[in-house]
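These notes are about the structure you will find just below.
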Amino acid sequence: MNTFLKRILILLSVIALGLFLYSFFVENIFSQRLSPKDTVEFKLNDLKLEVFYNRPSKKNRAIFGALVPFNQVWRTGANEATTFETNQTLDVQGMPLPIGKYTLWTVPKDTTWTVIFNSKQYPWGVNSDMKPMWDPNYDVLNIEVPVQKLSSTVEQFTIAFDNSTDNLFLTMAWDDVKVSLPLK
């Protein structure tokens, strides 16, 4: 084999080894995330809805009113900002939500939650001070929904679409709390 090809092969091997070591030790891409990513979809006829979010776990912690403070904007999950996408205009408690992709924020309270659809796309859910990156100037819709207390504990934060009663709801559940946002 000629010398030039040997040098190229050695250089490529060194680069590949460097990338592997960087990804293993610095980015830690092979370890399981503490709050894994998830995507939930709902499709019916021409309607397509999608939510992307990260799922933190309870891990014997007090959640609402403690880890997630009451009366403060929450990124509604962990890590990246939670997104909600619709391909059709929706009616949310009598208010229109236009076609688009939104970030989804919530303000948990003891008996109600405020669900916020925000038109700005944020790269992450919180800034370096652990404050939500949410900018209220981009709010499209703010909706109050009642809290439902659950009889059993939901270990991992869960967002889902519920169409079991022929009425569509976006549900969010964690710990002993569930909220259901009606969508039409």
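The values are calculated or read from the model by the stated rules, or taken from the named source; none is laboratory data. Everything quoted here is computed from the prediction, not taken from an experiment. Using ideal geometry, Cβ is built from the backbone for each residue, glycine included, and neighbour counts are taken over all protein chains shown. Each accessible area value is taken on the protein alone, full model and side chains, heavy atoms only, with ligands, DNA and RNA left out. Shrake-Rupley method; radii C 1.70, N 1.55, O 1.52, S 1.80 Å.
So what does log10 I(q)/I(0) come out to for the chain at q = 0.08, 0.20 Å⁻¹, using the Debye formula with one equal point on every Cα and no solvent? Relative scattering, expressed as log10 I(q)/I(0), comes to -0.34, -1.48. About its Cα centre, the dipole of the stretch 144-184 is roughly 100 debye, where the only charges are +1 on Lys and Arg Cβ and -1 on Asp and Glu Cβ.
Residues considered: Ser152, Ser13, Ser128. Largest GNM mean-square fluctuation over the chain, using C-alpha springs under 10 Å, is found at Ser13.
With both labels modelled 7 Å from their Cα along Cα-to-Cβ, the Asn87 to Lys101 distance reads 1.5 nm. Applying both filters, DSSP loop and at most 14 other Cβ atoms within 10 Å, to the chymotrypsin sites (Phe, Trp or Tyr not before Pro) of the stretch 75-152 gives Trp124.
At 222 nm, what helix-only mean residue ellipticity would the chain give, in deg cm²/dmol to the nearest 500, using -39500 (n - 2.57) for each DSSP H run of four or more? Kindly include the intermediate steps, with their values, before the conclusion.
Values: 1 runs with 20 residues, N = 184.
Here the helix-only value at 222 nm equals -3500 deg cm²/dmol.
Each residue of the stretch 91-182 gets 124 Å³ once the volume of the Cα convex hull is shared out per residue. For the chain, the solvent-accessible area with a 1.4 angstrom probe is 59 square angstrom per residue.
Quick check: residue separation of Lys149 and Gln121 times 0.36 nm, minus the Cα distance between them. What number comes out in nm?
Details: separation 28, 0.36 × 28 = 10.08 nm, distance 3.13 nm.
Stretched out fully, the Lys149 to Gln121 stretch lengthens by 7.0 nm.
About its Cα centre, the dipole of the chain is roughly 700 debye, where the only charges are +1 on Lys and Arg Cβ and -1 on Asp and Glu Cβ.
Say the cut-off is 21 Å between C-alpha atoms; which of Lys58/Lys101; Lys59/Lys120; Lys43/Lys101; Lys120/Lys149 go over it? Over 21 Å apart, Cα to Cα: Lys58/Lys101; Lys59/Lys120; Lys120/Lys149. Seen from Asp175, the other residues with C-beta closer than 12 Å to its C-beta sum to a net charge of +3, counting Lys and Arg as +1 and Asp and Glu as -1. Computed from Cα atoms, the angle from the helix 3-22 axis to the main principal axis of the chain rounds to 30 degrees. The gain in end-to-end length when the Arg7 to Lys58 segment is fully stretched comes to 13.1 nm, 0.36 nm per residue minus the alpha carbon separation. If the viscosity is 0.890 mPa s and the temperature 25 °C, what Stokes-Einstein diffusion coefficient in µm²/s follows for the stretch 37-105 when Rh is the Kirkwood radius over Cα pairs? Estimated diffusion coefficient is 178 µm²/s.
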